[in-house]
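Readers should treat all values here as calculations from the given coordinates under stated rules, not as data from a laboratory. Computed from a prediction, not measured in an experiment: that's the story for all the values here. Cβ sites come from the backbone with ideal geometry, for glycine too, and all protein chains shown count toward neighbours.
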Amino acid sequence: MKPRAYLTAFGLQWKIGLRYRIAVVAGLVAQMWFGAISLMAYAAVYHHAPDVGAPLTLRQAMTYTWLQQSLFTLLPLGCLPAVGDAARTGAIIYDLLRPVDLWNWWLSASLARLLGNAVPRAVLLACVAGPLAALAGLGAWSLAPPASPGAALLAAASFALGALLSATIVMLWNVMTARTLSPLGSYAIGTPLAVLLSGMLLPLPLYPEWARIVLVLQPFAGITDIPIRLYLGASLPGGPLGALGVQIFWLVAMTLGGRLWMRRIIDRLEVQGA
Amino acid sequence: MHNAKSRNASVSGLALYRRMAWASIVAQLRYPGTFFLQMTGNFVTTLLGFFGIWSLFQRFGSIGGWDLGAVAVLYGLVNVAFSVSETLGRGFEVFGGEYVRTGQFDRLLLRPRPTLLLLLGHELRLRPIGRFLQGAFVLGAGLWLAPHVSWSAVWLVPWAITGGAAMFLGVLIGQAALCFKTVEGLEVVNVLTYGGVEAGQYPLTMFSRWLRRFLTWGLPLAGVCYYPALAMLAHPDPLGMPLAFGMVSPAMGFVFLGLMIWVWRKGVASYVSSGS
């Protein structure tokens, strides 16, 4: 198939994401607020129990929180809004008629939407929480640089896989939306799952010990938690390569499973609307 | 909702609100599958928030010296209060996008009823029942876990919750009033709603001084949550405020609501339509 069509879908959503500059600033303020509250909570618990031996140091937990906050819009919180609208109004029929592979068409749009939202925000927040905070004398609360050049490289590869993984999970929400005919359900399921399981709510390493292995092996860890841990140079069960392997495994598994599911749903799709 | 528009001009404000609320409930139940998913999602999301706090306790034993029971009471109070305001105040949340930008607000101004009442009737949202139930559950567990719960809790719990709901409703009304200036809704205000819930579930002592001041005298979150909780738990305030303050401080939520209603009136008076 012509890759150009998918590039067009990507370009369109990417531009939509960049369009809303005020929303980017508003998001920045919100992320700083939530980040600051989490940081004060972590500082309070760490200082009160200095010899617990948590798997992350306070400094690492702070950097983890800033990176997580800056990548909030990269999380698969729900379906692609365009797909939601299409399902609700019945315009989904146009997508079915296009001479393109539906999965790749929606996937490239979903990926562009995530990146178009996340990249400007992440760059801005990283500047504010990193160098600017350090200059303002808040160095102890700031975003630390990567642990080593090697960690930076691994993290970069892992962030790229994470973005793809997130777009693939958005595809599952898209298919679900095509099934339920309303985008709201996908947000209701997607947001809590993504916020909890990606480490947005609490860094995954800080959950109770019995849950640690399961938490690394589930697909949402591959979006931001694994890349951030590689960035911090923190320990990962199975080592850095094992962690990348987990990301690739879920990418392949969810693509295959999702495509099958989509075919079933599309075959018996009832289109509503005019 | 539009078919609930008064056919009979003599309908009282309350009766009109009841009709609008009923129409909204029926509309929300029109897609039962989605409704069920939303409600479950709301319950689970909000309960997960507490799971995060609980995990911190598992690992570190306390949050800055506060035990799990006290934090659960704070968490429960702020979540129940917020869920009530979320249920009532949906019209204010969507006000910028759905009323000001489109010019729909002009139509509300033509109706012979107060605009605040009509916007309250925009939607009686059922989804926050999930947050309400889990907040109530955590609140109950916290009171059960805490070592000294005073009898005043019997009336302080409802008093703090109504004060908190009034405060959050005030935030939503203030957010809507801001839309007269900005046209589109500003998501920054989420810092005061969702961000307020996030901040309210932690003990006030944990925050830096500037934030403590803001959360007490700017947005009176401590007045509707932290201080009443101290009074219920007979827990002396490490910052030195007398316990009796918690018995009257929920009134600050109503003062805040009154202030925001005043801002709203000013906004309506200076409203210039943007619709076609």
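Within straight cross-link reach of residue A:2, meaning Cα distance under 18 Å, which aspartates and glutamates are found once same-chain residues fewer than 8 apart are removed?
Result set, ordered by chain and number: A:95, A:101.
When all C-alpha to C-alpha distances in region B:39-269 are sorted into bins of 5 Å, what percent of pairs does each bin hold, rounded to whole numbers?
Taking all Cα pairs of region B:39-269, the binned fractions are 1, 7, 14, 19, 18, 15, 11, 7, 4, 2, 1, 0 percent.
FRET efficiency for residue A:256 and residue A:98, Cβ-Cβ distance as r, R0 = 22 Å, nearest 0.05?
Once rounded, the FRET efficiency stands at 0.50.
At 0.36 nm per residue, and after removing the present C-alpha to C-alpha distance, how many nm does the segment from residue A:21 to residue A:88 gain when stretched out fully?
21.3 nm
Could you work out the longest stretch of chain B that avoids the trypsin sites (Lys or Arg not before Pro) located in DSSP loops with at most 15 other Cβ atoms within 10 Å?
So the longest stretch without any such site is B:31-276.
In percent, what relative contact order does region A:3-267 have, based on Cα pairs under 8 Å that are 6 or more apart in sequence?
27 percent
Throw me the Rg/Rh for region A:3-267, computed over C-alpha atoms with Kirkwood Rh, two decimals.
0.99
Run the helix sum for chain A: -39,500 (n - 2.57) per DSSP H stretch of 4+ residues, divided by residue count, reported at 222 nm to the nearest 500 deg cm²/dmol.
Taken over chain A, the calculation gives -23000 deg cm²/dmol.
All other residues with a Cβ under 13 Å from the Cβ of residue B:193 taken together, and with Lys, Arg as +1 and Asp, Glu as -1, what is their net charge?
-2
Give me B:216, A:224 sorted ascending by neighbouring Cβ count inside 10 Å, so fewest comes first.
Listed from fewest to most nearby Cβ atoms, that is B:216, A:224.
Using the beta-carbon distance between residue B:14 and residue B:272 and R0 = 25 Å, what value does 1/(1 + (r/R0)^6) give for FRET efficiency, to the nearest 0.05?
0.20
Note the full-extension length gain between residue B:51 and residue B:239 as 0.36 nm times their separation in residues minus their Cα-Cα distance, in nm to one decimal.
Net length gain for the segment: 64.9 nm.
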